[in-house]
Each structure stands twice: as C-alpha cells, then as structure tokens.
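Participant: Have a look at this one before I ask anything.
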Amino acid sequence: MKLKLKRPLAFFDLETTGTNIGADRIVEISVIKLNPDGSEDVKTWRVNPAMPIPLESSLVHGIYDEDIKDEQEFKALGDAVAAFIGDSDLAGYNSNKFDIPMLMEEFLRAGVQFTLDGRHFVDVQNIFHQMEQRTLKAAYQFYCDKKIENAHSAEADTRATMEVLLAQIERYENMQWEDKKGNITVPVVGDVEALHKFTNLSKPVDFAGRMVYNEQGEETINFGKHKGKRVEDVLTAEPSYYSWMMQGDFPLYTKRKLEEIHARWNAKRNAERQAKNAAQQPKPAEQSQAPKPEAPKADYPKKEFHKPDHTKTQYPPKPFKKKDEPGQPVNDDMLAQLALKFKKG
C-alpha cells in the first residue's frame, strides 16, 4: 500500500433525512478505519433521527421510518462514534462540504466532546473533480473498473470511496497538475497531509463554506452582501451581523467558529481601548527634587527690648489735681512765671 499513514485514516459516509446541515439528521453512519499497519476496523450504526424521513430521501438510500424506529438516537450513540474514530484523520466523498459538518452538528447537538483541531481531512471527491470531474459511481468505474454493488448504502459507498482513493494514488503517481495561477505541482501522493492540502483548496473555516480563509490566512465571509470581506472587518463595521448569524439558520459548527473569531476580535478591541486610554491619561508627576537647603541666616545680635519700669520716675511728676479740686484764681506770680517761660532769648 502506497498510502503512508502516521495515524489511522477514518473513511466515513452518512445517510441522512436530507441535505440541510442545520435541520436534517443522520439515519446511518459507517466508518472504515484504515490503520497504519494496513489493517481495517469497520463500524456501522443505524440511527433514529427523531423525525420523519422524507420519501425522496428514503428512495435514495433505502432507509425508511420503520427501519429505524427501534434504533437509538444519536445522542445515545455519539460517544461510541467519537471513541471509534478516536484521533484519526478523516476522509470521505464530498465530506468537507457535507459529511464532516453534518457529523459535527450531531456531536454538538448531543454534547459529545469531539474536536477537529489537529486533524487532516481528505475529500476524495475534490481529488476526483479536480482531476477528472465525475461522480462517485463514475469514479469507481473509472479508477477501479468496478460497479458499486448496493449503491447508496453507507458501507458500500464508504468502501468504494476508500478503494477510489487508493486507486487515485496509484494512477496519479508523479502526475503534474496546474492550478488556476499556473503553478505546477504533483499533488496526489501517498501522504495524508499533502492530500489534505489538495482537497481543501477552498480553505473553508467551517466546512459548510459560510466562511473561508483568504490568501493571508484570514477568515472571510463567503456569502451574501459581505462576501469576500474579512470577518473582523464586518464585526467592526456592523456589530449586529454577529447576532444575526448566531440567531439565524446556520450550522452549529459555523456558529462555533464565528464565536471563536468574535471572542478574538473582542479581546483585541478591548486591548486597543485600554492602550488608548492609557496613552490619553496624564503621566504621573516626576518625583519632586529634594528641597534646596536654606541659606544660613546672618547671626545678628538680638535686640533686647525692656519693658518700661513704671516704678521708677524719670520726670518730675505732675501735680495731681483732684477731680473735684476747684481751679486757682490767676495772680501776679503766675503771670510773671508765664512771661519768663515764653520770653524770647
């Protein structure tokens, strides 16, 4: 086997009530886990979708309401499915656009802990469409020279998908491929990481394709009026767009990825606000310099102030005139004394 595995590669296929990832449910899931040593582990579960299966869907996969009425719902099977897949990489036919997001929807709805982080995803349809552009039935006939027996049963389609991938690796060994920009590579090789890159050229963020990565690795909106715009730019220009998507009929995994982007964007915005506020605040006053020592004061002799000693009489006391003493009449002696006092010299 030329497919070199570092860990198991889980091929899986779903049969469902319809193609609406957010509204429809799984009725059958089959997983073939291809191990690094070449051995296989196979599991198939029938699932009660807890809703009627539309006739048009039953006519495709052959599963009717009475076939699954006694089966368990996914919430009872989810842990077993997750445990069987384990840390495997995932592969399927049109799995990036349908099977993986549908499976993640069921896991999230059931509260099952299952992460896609760190896994590789190989979509066999993408290899086929980009190299030959045919259907699974035609691919099986083209690559394996076989016809699918019991087509549209989960296990038959899963096995056909696995055989087609192995045949593709054989067929396209050392074959060059030119992308839309004129770059020439040899993309179909026996390496899961290389196949992951080749089958995820659209670089979906959420597998449902509502958001994709641009050439700079940034998440962008891939539908509606904001198609092609960075998600963070849309959140900045139209904050209500986040609530609209979270409340809208979008897959749960799409909403989870949007929540992650929103949390990162919000943290970045809060950090920018704090930095801006810090820049606008006045800088703390510089420490005041130590006070300069005062110039020494001149040591002038202190003036001594003495209170007057009223006990000592410096001038002859004036005669004390009693308040009730009558004035003396002016006589000649008094006039003579006044004349001597004011006499000019």
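The values are calculated or read from the model by the stated rules, or taken from the named source; none is laboratory data. All figures in this text were calculated on a predicted structure; none of them were measured in a lab. Please note: Cβ atoms are built from the backbone with ideal geometry, for glycine as well, and neighbour counts cover all protein chains shown.
Quick grid of which residues meet (1) of a type in the set (Gly, Ala, Ser); (2) touching a Pro at 6+ places or on another chain (Cβ under 7 Å); (3) without any contact (Cβ under 8 Å) to a residue 40 or more places away in the chain; (4) more than 29 Å from Val189 (Cα to Cα):
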{"position": "Ser58", "(1), (2), (3), (4)": "yes, no, yes, yes"}
{"position": "Phe98", "(1), (2), (3), (4)": "no, no, no, no"}
{"position": "Val112", "(1), (2), (3), (4)": "no, no, yes, yes"}
{"position": "Ala151", "(1), (2), (3), (4)": "yes, no, yes, no"}
{"position": "Asp157", "(1), (2), (3), (4)": "no, no, no, no"}
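Participant: Please pick out the residue among Val60, Val27 that is crowded, with 16+ Cβ neighbours inside 10 Å and either under 22 Å from Ile100 (Cβ atoms) or touching a Ser or Thr at 6+ places or on another chain (Cβ under 6 Å) (or both).
Facilitator: Just one listed residue meets the conditions, Val27.
Participant: Taking the criterion of being part of a loop (DSSP other than H, G, I, E, B), surrounded by 16 or more Cβ atoms within 10 Å (Cβ to Cβ) and of a type in the set (Ser, Thr, Tyr), would at least one residue in region 131-147 satisfy it?
Facilitator: No, region 131-147 contains no residue that is part of a loop (DSSP other than H, G, I, E, B), surrounded by 16 or more Cβ atoms within 10 Å (Cβ to Cβ) and of a type in the set (Ser, Thr, Tyr).
For every residue, the table says whether it meets (1) in contact with a Gly (Cβ under 8 Å, 6 or more places away or on another chain); (2) touching a residue at least 60 places away in the same chain (Cβ under 8 Å); (3) within 22 Å of Phe121 (Cα to Cα).
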position: Glu170; (1), (2), (3): no, yes, yes
position: Glu178; (1), (2), (3): no, no, yes
position: Leu201; (1), (2), (3): no, yes, yes
position: Arg210; (1), (2), (3): no, no, yes
position: Thr236; (1), (2), (3): no, no, no
position: Pro239; (1), (2), (3): no, no, no
position: Met245; (1), (2), (3): no, no, no
position: Gly248; (1), (2), (3): no, no, no
position: Trp265; (1), (2), (3): no, no, no
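Participant: Which of the helices (runs of 4 or more DSSP H) contained wholly in region 9-89 include at least 1 residues that are within 20 Å of His152 (Cβ to Cβ) and assigned by TED's automatic domain parsing to the domain that holds Glu105?
Facilitator: 55-61, 65-68
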